[in-house]
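Have a look at the structure below before the remarks.
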Amino acid sequence: MKIKKMPELVIGDLSVKIPIIQGGMAVGISLSGLASAVANAGGVGVIATAGIGMMEPDFNTNYKKANQRALKKEIKKARQNSNGIIGVNIMLALSDFEEILNIAIQEKVNMVLMGAGLPLKGMDNLIPRSHGEKKPKIVPIISSARAAKLIFQYWQKNYDYIPDAVVLEGPLAGGHLGFKREQLTDIAFSLENLLPETISVLKPFEELYQKKVPVIVAGGIFTGEDIYHFLERGAQGVQMASRFVATEECDASSEFKQAYLNCQKDDLIIIDSPVGLPGRAIKNDFLDDVVKGNKKPFRCSWKCLKTCDFRTAPYCIASALTQAQKGNLGHGFAFAGANAYRINKIITVPELISSLEKEYSQTINPIL
């Protein structure tokens, strides 16, 4: 059977062989191991930076330096293990956002993806100062056409420059979500409805700067058929996260991965995160306790997120996610996308990519 290949994802002068960006999964889920494997398979491998210093010995006493040191190590490891495209995911809500962004630029990553806020002020370092100067591709993660317009208008006015692409994340994603609870099940906020609005909003900026700005969709993308579905509707690529958790190369513990294999559809619930956003996670005893109003005592050694009020938070989300990454799910929980329950085995990254390509090809030509 001849496999009909997916089109390349082109972002400026960067060509991605397969139009898949691996979603950044923070607190140690997507580090150099997963990122380099995805990059080697032809996609964009992404290192998530939030809580990246968790394994450094001085994390609790000097977390900013620990995070910077760990990020440098992970980028270097990814580069040693891959000649492919490596990106970093940086939450704008991080209290050390500026320091982490500067490390990413210094280490010459190919792409910087920014979510959990709007990248407006303080982005000067990302702007090339001269023609031909190499800087990472700038990719904001948004959840609406309105957010895209705000970002691009601000960049046009203040930098005379615009981002290189956007990731449009819908309500079926895992982790923290850029929607209100009631919007998560409202068809008006489905990815299918958000996509044409976003493409339309970006067109005037593309024309003004003579620059194509690809829209990459995320949230609930599970099969090659899903990829075809959105590319046909105008997206240039997809971002996938949950599928990559269930791979041998994922940097999470085996217990974390097993939580994905064990979960049922009803186990995927929406929680109120201490950082003030709804989030999608796998239900477990830890979260049941939180719902019952049982506080999980903790001492905040650092304020890792600008939006977290540790004085009133029922638990420390950084600690809970760290424990989960290590396999101690009795003291934490796993974030997951809405389709995580469909995962039933651990495979390699090349096997996953191959199956997605096959499904994509069969969608185009079902008789193959």
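Numbers below:
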item: Gain upon complete extension [ILE127, LEU261; 0.36 nm per residue less C-alpha separation]; result: 44.0 nm
item: Within straight-line cross-link reach of LYS17, lysines at Cα separation under 19 Å, skipping those fewer than 8 residues along the same chain; result: LYS2, LYS4, LYS5, LYS137, LYS212, LYS358
item: Extension gain (nm, one decimal) between ILE364 and LYS5, 0.36 nm per residue minus Cα-Cα; result: 128.2 nm
item: Dipole of the chain, positive end: most advanced residue of THR348, ALA218, LEU126 [Cβ charges, Cα centre]; result: LEU126
item: Simple label model, 7 Å out from Cα along Cβ direction - GLU99 to LEU14, nm; result: 2.5 nm
item: Extended-chain gain in nm, criterion 0.36 nm per residue less alpha-carbon gap, ASN328 and GLU182; result: 49.4 nm
item: Cα centroid of region 61-123 to Cα centroid of region 28-45, whole Å; result: 15 Å
item: Three-way shape label, region 25-128, alpha-carbon gyration tensor, a/c 1.5; result: oblate
item: Max mean-square fluctuation residue, GNM over the chain, Cα-Cα springs under 10 Å, options GLY43, GLY234, GLY24; result: GLY234
item: Span-like helix ranges in the chain, DSSP H, alpha carbon extent 24 angstrom or more, Kyte mean at least 0.0; result: 191-209
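Since every read-out is calculated from the coordinates, none of them should be taken as a lab result. Since we're looking at a predicted model, the values are computed, not measured. Every residue, glycine as well, gets a Cβ built from its backbone with ideal geometry; the counts of neighbours run over all protein chains shown.
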